[in-house]
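The values are calculated or read from the model by the stated rules, or taken from the named source; none is laboratory data. It should be emphasised that the depicted structure is a prediction, and the values quoted were computed from it without experimental measurement. In this analysis, Cβ positions are derived from the backbone assuming ideal geometry, glycine residues included, and neighbour counts consider all displayed protein chains. Areas reflect the complete protein model, heavy atoms only, side chains present, ligands, DNA and RNA absent. Shrake-Rupley method; radii C 1.70, N 1.55, O 1.52, S 1.80 Å.
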Amino acid sequence: MTSDGYDPLDLSATRSAHRTSMGASDACVEAALVDGLTDAQRAAVLHFEGPALVLAGPGSGKTRVITQRIAHLVSQGVKPSQILALTFTNKAAGEMRNRVERLLPRGLAGGLIVSTFHSYCASVLRRHGASVGLQAGFSIYDSDDQKTALKAAIEAAGLTTSNWTPASVLAAISEIKNRLLTPEEYALEASDFWSRSIAKAYARYQDTLHRSNACDFDDLLMKTASLLRNDASVRALLQQRARFILLDEYQDTNHAQFVIAATLASEHRNLFVVGDPDQSIYGWRGADITNILEFEQHFAGAVVLPLGENFRSTAAIVRAADGLIVHNKKRPHKDLHTALEEGERVRVLRCQDEHDEADQVAAFFEERLRAGVPYRSMAVLYRMNALSRVLEDSLRRKMIPSIVVRGTAFYDRKEIKDAIAYFRLLSNPRDEVSLRRIVNVPTRGIGPTTVRKVEGYAAGSGYALFDAFAMAPGAGIVKGKIGESVVAFIELLRSFQRGMDARLPGDLADFVGEVLKQTKLDEFVGRGGVEEAERVANLDELVSAAREFQFIDDPDITHPTLRTAVCAWLESVALIADADAFDPDRGSVTLMTLHAAKGLEFDSVAVVGLEHGLLPHSRSMESDDALEEERRLLFVGMTRAQRALMISSAVSRQVRGVRQATIESPFLREIPSNATTVADRTPSVDRIVYDEPEAFCDLDPAELFPVGCSVKHPIFGVGKVEFLARGFGGTRARIAFRGVGIKTVIVEHARLSRVQ
């Protein structure tokens, strides 16, 4: 009991005292808090004590429920300073706080904590960090700071950054920290060479952070969890202050966040979480879906409150999304429904290729614009950033303004800028900006100290920087292995330059691929996890862009060479990067990944790339859990749409400059037909099509397409079967196509037809 007679554990007394002191205006405020809510929303808002799980489907008004419950708690006499609301973004936290302040009389929300998880933990550590080894004024390292610290830690651990890249090691350490394991604890369980090496780097990295009085983002969670578990006085203080805890997006919490929330709520048990297992799409970065699936097991007596009514999307869209997601096994059932009109059915398009797909997206948006929908209410969603380039080009040609959100426009991405810098330097050796950018990318031992020495040599001798690098080893400016690296670097560039002068313009795409391979830039960006795989895909897309570039002969150049084509290609890239002639008042179509779109909504949405290997991603074939997360990802994308939704796939795509046939995503067959309108834009071809590979098992491929017979493929045309063999994944046929060459296809998916 406090000095003013307030007992924070006696909630019944608090509510009674508050009702006694309430005026008529306060009673009106309380009544207004539940006015206009559905029965399900009202039950969630009025829930008072004890654990509760709100299963909030897409567009079900979860933010309204959270904010009005906070206001209701205050109206019932709970002190705002004893309410803790946590979410995942600063924007969401700010919106929640603003809504609560509008709901309550001025000044009544003072002391309320509405924050992100990481911000809350940072504030706790500012006050109590000494218990976990942090002193006042500690630094929080961002990703660049982390990589700098880890490079030194990797070397101190006796490892090399060429074999142990900071990105891949950081990903491993992040996973370890989310499990709340210290370097010592992880070292005890490390049983093979890889884990023991990671343990060494982890220990050195933490030593560096400790010496610097710093922590990274994962430390904010880990150290707070440690503080709560090991310091009884701090734990009691924080539990008393956080009498009522509200957690948004609970399906996205990791193990460390679960421990923090569970420990804070262990005394009073007033834990109110809101989330949707069907929208859990961040497993690759540590989110643990079992936190929400097993909530009732973790917190005995929990109340489960489903919110299934969708206030965002039309009935056809809701029916399509619900029909898809019911195929997931790891989910509690909830009825998704809407009182909105039926609306138009979901458009499902099978396009000829990625260019046809992009053009159809543009046509879809032009149609919606004519219907009165502004561009700012439209979005294109995709699984991988590499798919954006062709879409950007098509929208630009149609004069449709677009912006890439939570990602970078294709030619602005770091790996693309690095690659382009090579070609700029090859075309113009005096381009010092490009030289400085790539002199040590990939890492070749030519660091800042060496660059400064050569810059001084160039300044004193009057040489251009490129020429100074070429002469520096002979002049004794750089020696030993560094000198050898400089010589190898210059010779590599000069060999590329000689090739540019000796080859023809038609070799552009092959040349781009060769530069990426011989510089090892593709290997350099590809070491690690999910983000690194995206960068490799972006470099592959650069080769495709070069393949599609149309070189137009200049009549003033009698003998154009590959150098001529490279210069023209770079000029076209520069114009694309700088073109921004659209009226900003008209707004822009949004291009973003499906992961980035979570929590947003648009009138009209196009989801592209519904193909096996893209969505679901090829990595998802490793487990049923991963495949279910891919299905949830598509579900999230579909439920961003309010009035119009288009889903598309392409029969073929270019991958690293080579056109490849695709297989439609299996998810398309799971969307109920009574919610879709299907259009196949591929050329009309007589063919045998098997939607299910298993259906082929009852037939003999050797009888259908025997060696020596002629067949027709919708992309490659007519050819003759040279070889046929059944293997893992299906029956492979090697076919010699006229004018295309030999291709190996999977018969079950190749859409072959027999030619008599």
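Positive-end ranking of 194, 361, 67 along the dipole of the chain, with charges on Cβ about the Cα centre, is headed by 194. Using θ = phi - 60° in the Karplus curve 6.51 cos²θ - 1.76 cosθ + 1.60, the 3J(HN,Hα) couplings for the range 352-366 round to 5, 7, 5, 6, 4, 4, 5, 5, 5, 4, 4, 5, 4, 5, 4 Hz; x is entered for Gly and Pro. Using the 1.4 Å probe convention, the accessible area of the chain works out to 45 Å² per residue with neighbouring protein chains retained. Using a 7 Å offset from Cα along Cα-Cβ at residue 266, what residues in the range 175-194 end up with backbone N under 17 Å from the label point? It comes to 180-181, nothing else. Per-residue 3J(HN,Hα) values for the range 645-659, derived from phi via the Karplus relation 6.51 cos²θ - 1.76 cosθ + 1.60 with θ = phi - 60°, read 9, 10, 10, 9, 9, 10, 5, 8, 9, 7, 10, 6, x, 10, 6 Hz in sequence order (x marks Gly and Pro).
Amide H contacts for residue 214 (H built 1.01 Å from N in the peptide plane; partners 5 or more residues away or on another chain; cut-off under 5 Å): 139. In the range 296-444 the Cα-Cα distances spread across 5 Å bins starting at 0 as 2, 7, 11, 12, 12, 13, 11, 9, 7, 6, 6, 4, 1, 0, 0 percent of all pairs. Annotation: amide H-H contacts under 5 Å for residue 606 (H modelled 1.01 Å from N, sequence separation of 5 or more, or interchain): 379, 380, 381, 646.
Among 200-207, 709-716, 227-234, 56-63, what's the highest-first ranking by average C-beta atoms within 10 angstrom per residue? Could the numbers behind the result be given before it?
Values: 200-207: 21.1, 709-716: 18.9, 227-234: 14.9, 56-63: 23.6.
Order by mean packing, descending: 56-63, 200-207, 709-716, 227-234.
What value does the range 69-202 have for Rg/Rh, both radii from Cα atoms and Rh as Kirkwood defines it? Here Rg/Rh amounts to 1.15.
Taking the Cα centre of the chain as reference, the dipole from Cβ charges on Lys and Arg (+1) and Asp and Glu (-1) amounts to some 1020 debye. With a Förster radius of 25 Å applied to the C-beta separation of residue 517 and residue 488, the computed FRET efficiency comes to 0.95. Treating each Cα of the chain as one equal point scatterer and applying the Debye formula with no solvent, the log10 of I(q)/I(0) at q = 0.06, 0.12 Å⁻¹ comes out as -0.47, -1.47.
For the Cα trace of the range 37-139, dividing Rg by the Kirkwood Rh returns an Rg/Rh value of 1.03. Inter-label distance, residue 142 to residue 39: 5.1 nm, where each label sits 7 Å from its Cα along the C-beta direction.
Were the residues from residue 571 through residue 188 laid out at 0.36 nm apart, the gain over their Cα-Cα distance would be 132.3 nm. Projecting the Cα atoms of 599, 305, 623 onto the dipole axis of the chain, where Lys and Arg carry +1 and Asp and Glu carry -1 at the beta carbon, places 599 farthest toward the positive end. Hey, rough spin-label estimate for residue 504 and residue 367, points 7 angstrom out along Cα→Cβ, what's it come to in nanometres? About 4.3 nm, to one decimal.
With an 8 Å Cα cut-off and a minimum separation of 6 or more residues, compute the relative contact order for the chain in percent. The partial results should precede the final answer.
Details: 1206 pairs, mean separation 106.3, N = 756.
That works out to 14 percent.
Would you mind computing the Rg to Rh ratio of the range 391-433 from its alpha-carbon coordinates, Kirkwood style for Rh?
On the way: Rg = 13.8 Å, Rh = 12.2 Å.
Result for the range 391-433 is an Rg/Rh of 1.13.
Across the range 331-339, computed HN-Hα scalar couplings (Karplus, 6.51 cos²θ - 1.76 cosθ + 1.60, θ = phi - 60°) run 6, x, 6, 8, 7, 8, 8, 8, 9 Hz from first to last residue, x flagging Gly and Pro.
Give the carbon-plus-sulfur fraction of the accessible surface of the chain in %, rounded to a whole number; probe 1.4 Å, heavy atoms of protein chains only.
Details: 17140 of 33690 Å².
Summing carbon and sulfur atoms, their accessible area is 51 percent of the total for the chain.
Normalised by 2.2 N^0.38 Å, with N the number of residues, the alpha-carbon radius of gyration of the range 449-511 equals 1.35.
At a Förster distance of 45 Å, what's the computed FRET efficiency of residue 337 paired with residue 231, Cβ-Cβ distance as r, to 0.05? Walk me through the intermediate numbers first.
Working: r = 48 Å, r/R0 = 1.06.
Taking R0 as 45 Å, the efficiency between residue 337 and residue 231 is 0.40.
Annotation: amide H-H contacts under 5 Å for residue 664 (H modelled 1.01 Å from N, sequence separation of 5 or more, or interchain): 612.
Taken over the alpha carbons of the range 594-675 as equal point scatterers, the Debye sum produces base-10 log I(q)/I(0) values at 0.14, 0.17, 0.23, 0.25 Å⁻¹ of -0.51, -0.74, -1.18, -1.28. The Cα atoms of the range 199-286 cover 39, 37, 17 Å along the three principal axes, with the biggest extent listed first.
Tell me, what is the FRET efficiency for residue 130 and residue 601 to the nearest 0.05, using R0 = 41 angstrom and their Cβ-Cβ distance as r?
After rounding to 0.05, the efficiency reads 0.40.
Could you tell me which of 375, 130, 165 has its Cα farthest along the dipole of the chain towards the positive end, charges placed at Cβ (Lys, Arg +1; Asp, Glu -1), taken about the Cα centre? So the residue furthest toward the plus end is 130.
Its Cα centre serving as origin, the range 30-156 has a Cβ charge dipole (Lys and Arg +1, Asp and Glu -1) of approximately 220 debye. Under the simplified labelling scheme, the residue 376-residue 297 pair shows an inter-label distance of 4.7 nm, with each label point 7 Å from Cα along Cα→Cβ.
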